[in-house]
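Below is one structure; the comments refer to it alone.
Each reported figure results from applying straightforward, stated rules to the coordinates on display, with no laboratory input. Quantities reported herein were computed from a predicted structural model and do not represent experimental measurements. In this analysis, Cβ positions are derived from the backbone assuming ideal geometry, glycine residues included, and neighbour counts consider all displayed protein chains.
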Amino acid sequence: MESLKLPPHNGSVISVVDMHTGGEPLRIVVSGFPDIIGGSVLAKRRYVREKLDHLRQLLMFEPRGHYDMYGALVVKSELNEAHLGVLFMHNEGYSTMCGHAVMGRFAVDYGLVTAPQSPETQVNIHCPCGLVKAFVEYSNQNTGKVRFHSVPAFAFATDITVDVPGHGEVIVDISYGGAFYAFVSAEKFGLDISHSRTRDLVDAATAVTNAVKRKVKLHHPSSPDLAFLYGTILTDGKDAFSDEPTANVCVFADAQVDRSPTGSGVTARIALQYHKGLIQLNQTRTFQSGATGSLFTGKAVQETKCGDFKAVTVEVAGHAHYTGTASFVLENDDDLKNGFLLK
């Protein structure tokens, strides 16, 4: 059989590369999007949200995607040191950071970095939250594991009491790792992070997210575009340093469940543990996804500042894998061409 080709059709085509990191999907757009207008990556994020959101829905929603699909769009960066800029997309809109979607392997394999070096190639990726430096294993033209150094990560607030309907008063922490998350032990809701039903974890985390949004006004020193709560991370409560893995589940956007340990969530959790004196610089912790059992490692590598916040640069490491390529058609006479979601 000849290689598969699209039959004649009357609509546009968007081509993608699909990957996953720790089970969390990543759909990278390689062609078919119109030019993205804006003088900065954050401006491009606003432009895509306001003018091209139908294309996010087309790629993330059924029948081409699913409720928990995640995507990335490569854009030009205004920073001279950046190899690429990237916008992240999900079931609700656009994130400011996503560690599992730091596309070091893709950038090297698809020629966005010239003259890659062994044993490791540095890739500077301009995310909406700032410049993230990724380091990709590279040997004999093959890419491997990736680690990245985060933007400044910090604890925003600790021991905040919020009223969670059905659960009463619950104490949570809020921390930033390129996006803001609320943190709370699943045990507070009578749940086990690795064995409880996913729906029960989602319901608890969503209730916390809504409660925090009602009570807490977030702010970020760099831009108001970064000042929103991305989701809630339920943990196993094992925050003190240990050689044993600690597990968590991240529920973000519109009750979307991360299958991986969550790269920006690990970043924020390390910053929170460092703030509380539970971990020291260069102590490596292993983080396990309560959803799939997949593992990331993380460590605080340097103290820094973010406005008036004491912050740390966090290194997170994991391994992304390719799952395929696809060309998606948008046929003009398809009544469901823009996609749909079933909740």
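The Cα-based radius of gyration of the range 133-265, divided by its Kirkwood radius, gives an Rg/Rh of 1.01.
With the simple model of a label 7 Å out from the Cα in the direction of the Cβ, SER242 to ASN140 spans 4.0 nm.
On a 23 Å Cα-Cα criterion, which of the cross-link pairs LYS276/LYS299; LYS133/LYS213; LYS217/LYS305; LYS76/LYS310; LYS188/LYS276 come out too long?
Beyond 23 Å: LYS133/LYS213; LYS76/LYS310.
Net charge dipole, the chain: roughly 520 debye, given to the nearest 20, about the Cα centre with Cβ charges of +1 for Lys and Arg and -1 for Asp and Glu. For the range 201-343, the convex hull drawn through the C-alpha positions has a volume of 170 cubic angstrom per residue. When Rg and the Kirkwood radius Rh are both evaluated on Cα atoms of the range 1-53, their ratio Rg/Rh stands at 1.09. Candidates GLY111, THR286, HIS275 compared by Cα position along the dipole of the chain: farthest toward the positive end lies HIS275, with charges placed on Cβ. Report, to the nearest 10°, how far helix 41-51 tilts away from the longest principal axis of the Cα atoms in the chain, using its own Cα long axis and a range of 0 to 90°. Between the helix axis and the principal axis of the chain, the angle is about 70 degrees. Once backbone amide H atoms are built at 1.01 Å from N, VAL314 has SER150, ALA153, VAL301 as its partners under 5 Å, excluding neighbours fewer than 5 places away on the same chain. Across every direction, the projection of the convex hull enclosing the Cα atoms of the range 13-130 has a mean area of 7.4 nm². Amide hydrogen proximity for SER12: with H placed 1.01 Å from N in the peptide plane, the residues at 5 or more positions away or on another chain lying under 5 Å are LEU330. Across the range 94-109, computed HN-Hα scalar couplings (Karplus, 6.51 cos²θ - 1.76 cosθ + 1.60, θ = phi - 60°) run 9, 8, 9, 7, 8, x, 5, 9, 6, 8, x, 4, 4, 4, 6, 5 Hz from first to last residue, x flagging Gly and Pro. The convex hull defined by the C-alpha atoms of the chain has an orientation-averaged projected area of 18.7 nm². Remark: spin-label model distance GLU303-LEU278 equals 2.0 nm, labels positioned 7 Å along the Cα→Cβ axis. For LYS337, the lysines whose Cα comes closer than 18 Å to its Cα, not counting residues fewer than 8 places off in the same chain, are LYS51.
What is the sum of charges, Lys and Arg at +1 and Asp and Glu at -1, for the other residues whose Cβ falls under 12 Å from the Cβ of ALA255? Could you put the intermediate results ahead of the total?
Numbers: positive: ARG199, LYS343; negative: ASP68, GLU92, ASP203, ASP254, ASP258.
Cβ neighbours under 12 Å give a net charge of -3.
Rounded to the nearest 500, the 222 nm mean residue ellipticity of the chain from helices alone is -5000 deg cm²/dmol, with -39,500 (n - 2.57) taken per DSSP H run of at least 4 residues. In this structure the amide hydrogen of ALA320, modeled in the peptide plane, comes within under 5 Å of the amide hydrogens of VAL146, none closer than 5 places in sequence on its chain. In terms of the mean number of neighbouring beta-carbon atoms within 10 Å, the peptides 4-15, 256-267 order highest first as 256-267, 4-15.
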